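**Q** Questions regarding the structure given below will be posed in turn.
The values are calculated or read from the model by the stated rules, or taken from the named source; none is laboratory data. Small disclaimer: the values here were computed from a predicted structure and weren't measured. Positions of Cβ are backbone-derived with ideal geometry, glycine not excepted, and every protein chain shown enters the neighbour counts. Just the protein is used for accessible areas: all its heavy atoms, side chains included, with ligands, DNA and RNA removed. Shrake-Rupley method; radii C 1.70, N 1.55, O 1.52, S 1.80 Å.
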Amino acid sequence: MELIDVIVFIPSFSKEKLIYFKEEFLEGYISYEEYYESPKYSSPVVFETENFLEMWKYVLDEQGRSFTFYFENTNEIFCPKAAIQVNIDGSICLVLSVVDLDHIKEYESKLKSSFPDDNCVVSYSYFMPISREDFYKIL
């Protein structure tokens, strides 16, 4: 199944926007990671847990704690996957992965109206940027 990503890029850290996205767009989604560590794939590991809520709280507690959360929802036919990426510089990517072209506009419209001051892009092969600079360079 090929997914199309609808991405909101937020240039600066906002705990409120992260919580809003998770509560409003990810109801019924579950994280499909079983183990969380920060920083991911590098050392030294500063924080590690097997509990999503502990990792979520850790990332939200302070800007500069980067992590990417991946979610899935087997009951959501048109948008089965999502992601939240918080970068070291505080920038944020919020992603909804949509199944077909018919629903892209719907999800894009919902994200744009919920995050009117932030950039929203649709991508077939776009990697989440690791910083503000990276986002503006790729865009």
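**Q** Return yes when Leu96 is closer than 27 Å to Ile138 by Cβ and not hydroxyl-bearing (Ser, Thr, Tyr) and no when it is not. So that I can check it myself, show each step before the final result.
**A** Values: closer than 27 Å to Ile138 by Cβ: yes; not hydroxyl-bearing (Ser, Thr, Tyr): yes.
Here the answer is yes, as Leu96 does meet what is asked.
**Q** Do you know which residues across region 109-130 are closer than 17 Å to Ile4 by Cα and hydroxyl-bearing (Ser, Thr, Tyr)?
**A** First, pick out the residues of region 109-130 that are closer than 17 Å to Ile4 by Cα: 109-112, 119-129.
Matches in region 109-130: Ser109, Ser123, Tyr124, Ser125, Tyr126.
**Q** Go through region 3-27 and give me each residue that's out of contact with any strand residue (DSSP E or B) (no Cβ under 7 Å at 6 or more places or on another chain), more than 19 Å from Asn51 (Cβ to Cβ) and either β-branched (Val, Ile, Thr) or surrounded by fewer than 12 Cβ atoms within 10 Å (Cβ to Cβ) (or both).
**A** Across region 3-27, the qualifying residues are Glu16, Glu24, Glu27.
**Q** So, of the residues in region 32-67 that are among the hydroxyl-bearing types (Ser, Thr, Tyr) and within 18 Å of Lys22 (Cα to Cα), which turns out to be most open to solvent (accessible area, probe 1.4 Å)?
**A** Here is the first cut: in region 32-67, the residues among the hydroxyl-bearing types (Ser, Thr, Tyr) are 32, 35-36, 38, 41-43, 49, 58, 66.
Next, from what is left, pick out any that are within 18 Å of Lys22 (Cα to Cα): 32, 36, 58, 66.
Values: Tyr32: 100, Tyr36: 4, Tyr58: 31, Ser66: 28 Å².
Ranking the candidates gives Tyr32 first.
**Q** Considering region 80-139 alone, what residues qualify as being open to solvent by 10 Å² or more (accessible area, probe 1.4 Å), within 15 Å of the chain's Cα centre (by Cα) and aliphatic (A, V, I, L, M)?
**A** Selection gives Ile88, Val121, Val122, Met128, Ile130.
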